[in-house]
């Protein structure tokens, strides 16, 4: 392992080229078209003689997993191919992959194509040292991370039997300053209130769903969810979308509200769905002809990996030695594909280059030196985990 540093330092330009090539293919989700980025990874696996699987729930929504070594335990490291839309405010071409001042700019450069570039070099090094692995390293890319992973990690774990023992998700983590060992539960739910439509000139003959939703909001926002978690801190609630009514001169017969809850244990999704239902019972049922519904849009339970777990400590130790500074253990409110692998028994953490303030913004970039260092850390993690 003494030559890992020189291997990645010597392949800096190759890492930059791969990052640029990946950024320059459009995999904005929706619709995804992850096959475009997967073709680049597939080409590299063929060049390196690494066996791989190409898995698609839907045509073009490609997941690609290469395997180095054999048997158990199995360590998975997979970036995601898809990106969020460009948005406005760019001063550089979103698909340009411009190299400037030690950075690569473009959509996906930091989330998450940039991380895939050093993973390809890690695969090359590990393939040359395959005899040293007592287990299997799975390196690849997955689809649909930005829209719920229904064609990606959820499908791979639930339907295709992709169940690693360990998982390292290479997402931005404060320029590798932290290892994410816990994620809050994510609950998106919709509140629907049906009123009674009437002419706008006779509002007393109808039941205005917008006014009922306003009353629901006022009461629901007063509820307290005070529990705190040592790593995940506190629950947050965001009111993201509201829409209602058909026309200005019609009493609104329907109103919908979508709520995003990031909760900490001991709460569950039921905590918030029941709370909403109780408030709606109080607000809506007193109005003749009105009704309500509470619908779950998306739910991912919270998870917490024990900080003293050997895999966590191994990654932390290697990162600290390579970076030259301490790496903290932390929980986050955002969701990653870790949840899907934890749900099937994996010890999964998130760790990678990139700064959160760049996430999903215009002029997204990744610092090239971080990519090089990340490749060194990941390669050492694989060899030491499976030695």
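Rule-based calculations on the coordinates, nothing more; no lab input. Just so you know, these numbers come straight off a predicted model, no measurement behind them. With ideal geometry, Cβ positions are generated from the backbone for all residues, glycine too; neighbour counts draw on all protein chains shown.
Taking 0.36 nm per residue of separation and subtracting the Cα-Cα distance, full extension of the segment from residue 70 to residue 130 would add 20.7 nm. The length gained on full extension between residue 3 and residue 239, counted as 0.36 nm times the residue separation minus their Cα-Cα distance, comes to 79.8 nm. Taking Cα atoms only, the orientation of helix 209-220 departs from the longest principal axis of the chain by about 60 degrees. The translational diffusion coefficient of the range 185-300, from Stokes-Einstein at 25 °C and 0.890 mPa s with a Kirkwood hydrodynamic radius over alpha carbon pairs, comes to 164 µm²/s. With each label modelled as a point 7 angstrom along the Cα→C-beta vector, the residue 163-residue 355 pair spans 4.2 nm. Using C-alpha pairs below 8 Å separated by at least 6 residues, the relative contact order for the range 5-159 is 33 percent. The sum of -39500 (n - 2.57) across all DSSP H runs of n ≥ 4, divided by the residue count of the chain, sets its helix-only mean residue ellipticity at 222 nm to -9500 deg cm²/dmol. Relative to the longest principal axis of the Cα atoms of the chain, the long axis of helix 12-23 makes an angle of roughly 30 degrees. For the peptides 366-373, 278-285, the ranking by mean Cβ contacts within 10 Å, running from highest to lowest, is 366-373, 278-285.
Working from Cα pairs under 8 Å separated by at least six residues, relative contact order for the chain is 25 percent. Across the range 185-300, the relative contact order, built from alpha-carbon pairs under 8 Å that are at least six residues apart, equals 44 percent. For a modelled paramagnetic label at residue 58, 7 Å from Cα along Cα-to-Cβ, the residues of the range 5-46 in reach, with backbone nitrogen under 18 Å, are 26-38. Compared with the dominant principal axis of the Cα atoms in the chain, helix 113-128 is inclined by about 30°. Legend: calculated FRET efficiency, residue 204 to residue 299, from the Cβ-Cβ distance at R0 = 41 Å, rounded to 0.05, equals 0.55. Global size of the range 37-170: 15.5, 49 Å for Rg and Dmax (C-alpha atoms, Rg to one decimal, Dmax whole). Listed from fewest to most Cβ neighbours within 10 Å, the set 43, 36 follows the order 43, 36. Projected label points at residue 39 and residue 325, each 7 Å from Cα along the beta carbon direction, are separated by 4.1 nanometres. Once the C-beta distance of residue 101 and residue 362 is scaled by a Förster radius of 30 Å, the resulting FRET efficiency is 0.95 to the nearest 0.05. Overall, the anisotropy analysis places the range 310-387 in the oblate class: the square-rooted eigenvalues a ≥ b ≥ c of its C-alpha gyration tensor yield a/c not less than 1.5, with a/b not exceeding b/c. Taking each residue as 0.36 nm, the span from residue 93 to residue 282 lengthens on full extension beyond its C-alpha to C-alpha distance by 62.8 nm. Taking the centroid of alpha carbons for each part, the range 262-318 and the range 100-151 are 31 Å apart.
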